[in-house]
Amino acid sequence: MTNLKMSKLAGAATLGSLALMLPAFGQDAAPAEEAVVFASAVDVAYIFNTLLFLIGGFLVMWMAAGFACLEMGLVRSKNVSMQGLKNIALYAIAGIMFWLTGYSLMYVGVDGGFMGSFGPYNFEAVGGGDASAGYSVASDWFFQMVFCATTASIVSGTLAERIKLWPFLIFTVVLTGILYPITGSWQWGGGWLSEMGFSDFAGSTLVHSVGGWAALAGALILGARKGKYGADGSVTPMPGSSIPLATLGMFILWLGWFGFNGASQLAMGTVSDVTDISRIFANTNLAAAAGAVSALILVQIIYKKVDVTMVINGALAGLVSITAEPLAPSVPAALLIGAVGGVIVVFAVPLLDKLKIDDVVGAIPVHLLAGIWGTFITPLSGSGNYGTQIIGIVAIGAFTMIASGIVWFILKSTMGIRVSEEDEALGLDKAEVGIEAYPEF
Amino acid sequence: MTNLKMSKLAGAATLGSLALMLPAFGQDAAPAEEAVVFASAVDVAYIFNTLLFLIGGFLVMWMAAGFACLEMGLVRSKNVSMQGLKNIALYAIAGIMFWLTGYSLMYVGVDGGFMGSFGPYNFEAVGGGDASAGYSVASDWFFQMVFCATTASIVSGTLAERIKLWPFLIFTVVLTGILYPITGSWQWGGGWLSEMGFSDFAGSTLVHSVGGWAALAGALILGARKGKYGADGSVTPMPGSSIPLATLGMFILWLGWFGFNGASQLAMGTVSDVTDISRIFANTNLAAAAGAVSALILVQIIYKKVDVTMVINGALAGLVSITAEPLAPSVPAALLIGAVGGVIVVFAVPLLDKLKIDDVVGAIPVHLLAGIWGTFITPLSGSGNYGTQIIGIVAIGAFTMIASGIVWFILKSTMGIRVSEEDEALGLDKAEVGIEAYPEF
Amino acid sequence: MTNLKMSKLAGAATLGSLALMLPAFGQDAAPAEEAVVFASAVDVAYIFNTLLFLIGGFLVMWMAAGFACLEMGLVRSKNVSMQGLKNIALYAIAGIMFWLTGYSLMYVGVDGGFMGSFGPYNFEAVGGGDASAGYSVASDWFFQMVFCATTASIVSGTLAERIKLWPFLIFTVVLTGILYPITGSWQWGGGWLSEMGFSDFAGSTLVHSVGGWAALAGALILGARKGKYGADGSVTPMPGSSIPLATLGMFILWLGWFGFNGASQLAMGTVSDVTDISRIFANTNLAAAAGAVSALILVQIIYKKVDVTMVINGALAGLVSITAEPLAPSVPAALLIGAVGGVIVVFAVPLLDKLKIDDVVGAIPVHLLAGIWGTFITPLSGSGNYGTQIIGIVAIGAFTMIASGIVWFILKSTMGIRVSEEDEALGLDKAEVGIEAYPEF
């Protein structure tokens, strides 16, 4: 069998013999026909580490689809196309911005400070890669980029059904290109918070709470949907258009979270690293399960019926809660941390309604509040200390609320961020997208 | 570029150098600047094996979403939210129970007997992992746990549209925490069946038939949906609410099955293991294809139209059929085994209706009957012998039918397992969930 | 803990020690308790390469679900079940045909010529695998098979809503078993085009344009849907039934494309290969993002509303465009290549309507035109030269158009390819499938 693919592979294998295959011992001791070449330890570790970023990266990329399904399922049918569009666009924008400014701002030259440097980032040349670096920077970029996109996904859910498309996209540009990378640099970029000993393994605060704070700032400035809150304190339910879509979205997110938390181990080239990743998979799954079950039981007790959206958000809150420290907790601790996440959702969703903060999909309880909880509780499992955790939570919250608030305010004052009352009543699909989600129904 | 993630990675690499990197030969023979370290064979095999469990595990976890979509698509719209809820809840419960009792009962101290020991299972400590063990036990737990969850998913489809939520969940607790692990211990735990030479590579019987038997016991005790079967022998079709959801569910299951069968090779650290996994991928895909095509042709011949749900279940039956032995068959044998699975579905679905056994999604033909077929036929490819295969099929079937029947009977006698006629007519979404799946349609 | 799975694993590990673990140096120099075995470089590379094909393969397999969702979402509700059925059936058929004839025809004995040999292909025996081959042929078969299936998926979208089931399936048999493998052999099989220096890294032409040409030939012979084009030149919009399904389909395709392009590196066993794969992931994501954003901006400018289906197809066109060379381009070049893909979609969709070529889902702009663009532009990044690229584009286009045209014509002249006007008006779901997609709505 002769074919180009094989020739190409053979070529690669030749490169491989230069890079990976090394003579094991002196030729004089080993006759040619018995010569065996061994794999270089540094090379093998590099390949495993990079593979971890690629697998983790595509799993977290898949979460963009999960958010899209969850949000399309939880908005009313007249706004579904818009929600799909926003989720596609924000993922695309996050990718471009995290290349253009985000990665450098978050990771290059932070050095204990408050941000990195500006400018696009260069990947390795074709055929490149430096084994002693431990992993490919292009794979790391991909993995970190999808985290950045996750942050933007959180915002789109809360502000659904009344925000205009273009101001939302401009906010996404700023969030993914500047705001998220700045607070990210404080910890994962080696900035001041990391020097203080703050602990946030996979981003309960750096990703989920940041998305939640940005969403909260937007919700406060944007206001609630028309008719949601009566002057008399009444709350009008606006049920989502498709529970199957929301359910599927949750399963996608649950799946993607194995990449989110597991690959945040950042290395897979040793026995202990891959074992830790396995432990993270188990803890992540169990915390999500506990969040779902605690919400399930609680809503049955309180409401006598089991609102499936609460169970969906309970599972997600369990996932967010364990994200700050998915490795260290024992299984009972992981179950407890996740279960509290589910409890938070059940109580916070109606509380937000009381405060007339209109969060269409429940992203603030799930991502902001469970994110705070998960970050606060890491010292229980020996990571960080409560004081530093609180400093980190407050500092990142304050920065993101203020900076997001300023951006939202500028957008409101210039181009406006809210659709007209007529457009809101008509639905964004007809008003801004021109394509209904389900035109025949 | 200085950042915490890199420091962390550097730390990991240091650990790595202790574990993975070993001096290749004597320092005296190799000057310092030329010293090369080679990768430890045991460490590399451990990482590959563990990675196989993690990848296989997340693919099988994804099957939970596949079952959810398939079942939400095949129930009527008034019961869709409930079906989504049950699938989320059963996956969560399976995870908790398989940690609390399941894994130990199935794998610890079975020793040729009938069950293991009771109690939760401990994973490796943080930074742990013993290279000589061959793989991380946490990764194995994760992989085995998702198999356990699959069993529960099968039950929920058959009993849809009339079972109450809470008795179903209690049954799930017993099934995933006790029943599935006991029969699992007989074979995969090294129990009496494995000592007899029973053969079930990835679980045609241990997973799929067990789910099918538990569903059958439930269906018999629960009874058919109101109006399904007339006194005159007529059968009223109750078509599913969404063929796209069912189609998507099938594709998810097909994808997940590569993990189900492929990672059941249990090792990827050698040339022959990864080659066997490749062979399993090919055979699994071809058996599914043959099941779909045989069902497609057969329904065209018999009914002159191609019922897409038959083709969906034909593909799934092909997958179940090959699961007992996906490695040994030649391609023609794999095609035959899968094709017979498709045929079974086409004939068994109307047969069950004649017997007035109401299986909403066709899970009994797909998982129980094709599971029996696949297990029975493994000797064709040289695995096991027909006598032992029959003993295994009958023993596991008898145990699961009787034990499940007892549990269902107790639940029926105490809290009741069936919703009221009014609730059934109204739909479970309004009656028990309080949230309609598609409130605007 | 004694269990069969562990025994089995232990067995595998023993095999492993034969294959992978080799004594590092003379026993005399190393006392038994200190003997360390190192991993064989050839074995480790083989495992990584094969794993790449398996991961890449399941990601591309998943694209079959993406096409199914995209197409089910973009047809009208009366034809949705049929579209799901066709996508299941074509994936199944592609698998069988690519084993029966396709793989040999494409890869065996092409030797600079125009096709390989006929006949089914044999995988390695159980427990087999030859480390010096570089990868498992079964894994390569799986990976190449899913590419073949992709080609058929493209055709089903264009011809939706009026083609009969069985002629479409017969065409699929010919396309996946004969036509696709022949043109594939010209390049990836080491045929005449590869000897000329044609460049098509992952198949902008070999997969996407081939599917597009076959679809175009079919669309011309089949004709437009009734009522689509008025005698007065008017075009009647026939909006798709579900934007969420189409959105989800796009995200699935985007995810699968990391396998499509990334694993087309064909090797992962060296530092440079895995680094190149990382670079491909980044470029693939950025080109898709640029395609989505360019379509987004352009439709806003032209139509003052943002048609979400244009953005979906813009992202897909970005992906197709970068597929001919996802490795070599710099990031700005990748962004440009993808952005032009998005522009092509925005202008080509209405152009096709002017030409009265009825392409239901926009597959011809996305796969054929963007595929031509991507293939033409590879010399910009240093791969191939413009003359040879044009020769390859034209040769493969001419062969596929003529051969597909002949097959479509024969099918039309014998069994007929188009449903009756009554069936078209009624919808294919009632007419041919007998199952409506959404019977309750």
Would you mind checking which residues have amide H under 5 Å from C:GLU436's amide H? H placed 1.01 Å from N; only 5 or more apart, or other chain.
none
Relative contact order %, chain C, counting alpha carbon pairs below 8 Å whose residues are six or more apart
22
In segment A:253-280, what residues drop by 50 Å² or more of accessible area when the other protein chains are put back, versus the chain on its own? Use 1.4 Å, and skip ligands and nucleic acids.
A:LEU255, A:LEU266, A:THR270, A:VAL271, A:SER272, A:VAL274, A:THR275, A:SER278, A:ARG279
Rounded to whole Å, give me the distance from the Cα center of segment C:127-181 to that of segment A:273-330.
40
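Considering only the other residues whose Cβ falls under 13 Å of the Cβ of B:PRO167, what net charge follows from Lys and Arg at +1 and Asp and Glu at -1? Could the numbers behind the result be given before it?
On the way: positive: B:LYS86, B:ARG162, B:LYS164, B:LYS412, B:ARG418; negative: B:GLU432.
Once positives and negatives cancel, what remains is +4.
Quick check: with the 1.4 Å probe, what order do C:MET196, B:MET72 take by accessible area, largest first? Mind showing how you got there, number by number?
Details: C:MET196 85, B:MET72 0 Å².
The ranking, largest first, comes out as C:MET196, B:MET72.
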Mind checking B:425-435 for the average number of partner chain beta-carbons within 10 Å of each residue's beta-carbon?
3
Averaging sequence separations of C-alpha pairs under 8 Å and six or more residues apart, then dividing by the length of segment C:78-232, give the relative contact order as a whole percent.
33
Give a residue-ordered list of calculated ³J(HN,Hα) values for segment C:253-260 (Karplus: 6.51 cos²θ - 1.76 cosθ + 1.60, θ = phi - 60°; whole Hz; x for Gly, Pro).
5, 4, 4, x, 5, 5, x, 4
In segment B:215-307, if the dipole is taken from +1 on Lys/Arg beta carbons and -1 on Asp/Glu beta carbons about the Cα centre, which of B:LEU298, B:PHE281, B:ASN261 is farthest to the positive end?
B:LEU298
Using protein chains only and a probe of 1.4 angstrom, how many square angstrom of A:THR270 are accessible, to the nearest 10?
10
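Please compute the net charge surrounding A:TRP192, taking Lys and Arg as +1 and Asp and Glu as -1 over other residues with Cβ under 15 Å from its Cβ.
Local charge sum for A:TRP192: -3.
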5 Å is the cut-off here: which amide hydrogens, built 1.01 Å from N in the peptide plane, fall below it relative to C:GLY113, excluding neighbours closer than 5 in sequence?
C:TRP192
Helix-only [θ] at 222 nm, chain C, -39500 (n - 2.57) per DSSP H run of 4+, per residue, nearest 500, equals -20000 deg cm²/dmol
Please list A:LEU319, A:LEU216 in order of solvent-accessible area, largest first, computed with a 1.4 Å probe with all protein chains present.
A:LEU216, A:LEU319
With the charge dipole of segment C:395-441 built from beta-carbon charges (+1 for Lys and Arg, -1 for Asp and Glu) about the Cα centre, the Cα from C:ILE417, C:LEU428, C:PHE399 projecting farthest to the positive end belongs to C:PHE399
Under 13 Å from the A:LYS226 label point (7 Å along Cα→beta-carbon), backbone N, segment A:143-181:
A:162-163
With a 1.4 Å probe on protein heavy atoms only, work out how much accessible surface C and A bury together, total over both chains, in Å² to the nearest 100.
6700
Segment C:248-406: relative contact order from alpha carbon pairs under 8 Å, six or more residues apart, as a whole percent, is 21
With a 19 Å threshold on alpha-carbon distance, the violating pairs from C:LYS78/C:LYS164; B:LYS226/B:LYS354; C:LYS354/C:LYS430; A:LYS430/C:LYS78; B:LYS305/C:LYS430 are C:LYS354/C:LYS430; A:LYS430/C:LYS78
Whole-Hz Karplus couplings 3J(HN,Hα) for segment B:247-252, θ = phi - 60° and coefficients 6.51, -1.76, 1.60, Gly and Pro as x, run 4, 4, x, 4, 5, 4
Please state the charge dipole magnitude for segment C:29-137, taken about the Cα centre, from unit charges on C-beta atoms (+1 on K and R, -1 on D and E), reported in debye and rounded to the nearest 20.
940
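Could you tell me which of rounded, prolate or oblate describes the protein assembly as shown, using a ≥ b ≥ c as the square roots of the eigenvalues of the alpha-carbon gyration tensor, with rounded for a/c under 1.5 and, failing that, prolate when a/b is larger than b/c and oblate otherwise?
Numbers: a/c = 1.09, a/b = 1.09, b/c = 1.00.
Rounded shape, in that the Cα axes give a/c under 1.5.
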Given the whole protein assembly as supplied and a 1.4 Å probe, what does the accessible area of C:LYS304 come to in Å², nearest 10?
140
Tell me the accessible surface of C:ASP423 in square angstrom (1.4 angstrom probe, heavy atoms of protein chains only), to the nearest ten.
50
Shielding by partners for B:120-127, please: the mean number of other protein chain Cβ atoms within 10 Å of each residue's Cβ.
6
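If you take every residue apart from A:ASN49 with its C-beta less than 10 Å away from the C-beta of A:ASN49, what net charge results, scoring Lys and Arg +1 and Asp and Glu -1?
Details: positive: none; negative: A:ASP140, A:ASP273.
Neighbourhood net charge equals -2.
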Place a +1 charge on the Cβ of each Lys and Arg in chain A and a -1 charge on the Cβ of each Asp and Glu, then give the dipole magnitude about the Cα centre in debye, rounded to the nearest 20.
1220
Whole-Hz ³J(HN,Hα) from phi, Karplus 6.51 cos²θ - 1.76 cosθ + 1.60, for segment B:148-157, glycine and proline x:
4, 5, 4, 4, 5, 4, 4, 5, 5, x
Using the alpha-carbon centroid of each, what span in Å lies between segment A:49-71 and segment B:202-250?
34
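Determine the shielding of peptide A:289-300 by partner chains: average, over its residues, the number of Cβ atoms on other chains within 10 angstrom of each Cβ.
Numbers: counts 13, 3, 1, 8, 7, 1, 1, 8, 1, 0, 1, 3.
The shielding value for this peptide is 4.
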With every protein chain kept in place and a 1.4 Å probe, the residues C:THR323, A:THR101 fall, from largest accessible area down, as A:THR101, C:THR323
Apply the a/c threshold of 1.5 to the C-alpha gyration tensor of segment A:156-313 and tell me whether it is rounded, prolate or oblate.
oblate
Segment A:253-272 and segment C:374-393: distance between their alpha carbon centers, rounded to Å
39
Any idea what the dipole of the protein assembly as shown comes to, in debye rounded to 20, about its Cα centre with Lys/Arg Cβ at +1 and Asp/Glu Cβ at -1?
3520
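Kindly identify segment C:305-441 as rounded, prolate or oblate by the Cα gyration tensor criterion: order the square roots of the eigenvalues as a ≥ b ≥ c, call it rounded if a/c is under 1.5, otherwise compare a/b with b/c, prolate if a/b is larger, else oblate. Could you put the intermediate results ahead of the total?
Numbers: a/c = 2.85, a/b = 1.60, b/c = 1.79.
The shape class here is oblate.
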Helix C:386-414 sits off the longest principal axis of the Cα atoms of chain C, rounded to the nearest 10 on a 0 to 90 degree scale, by 60
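The values are calculated or read from the model by the stated rules, or taken from the named source; none is laboratory data. All values derive from a computational prediction rather than experimental measurement. Glycine gets a Cβ as well: all are built from the backbone with ideal geometry, and neighbour counts include every protein chain shown. Ligands, DNA and RNA are stripped out before the accessible areas are found, and what is left, the full protein with its side chains, is counted by its heavy atoms. Shrake-Rupley method; radii C 1.70, N 1.55, O 1.52, S 1.80 Å.
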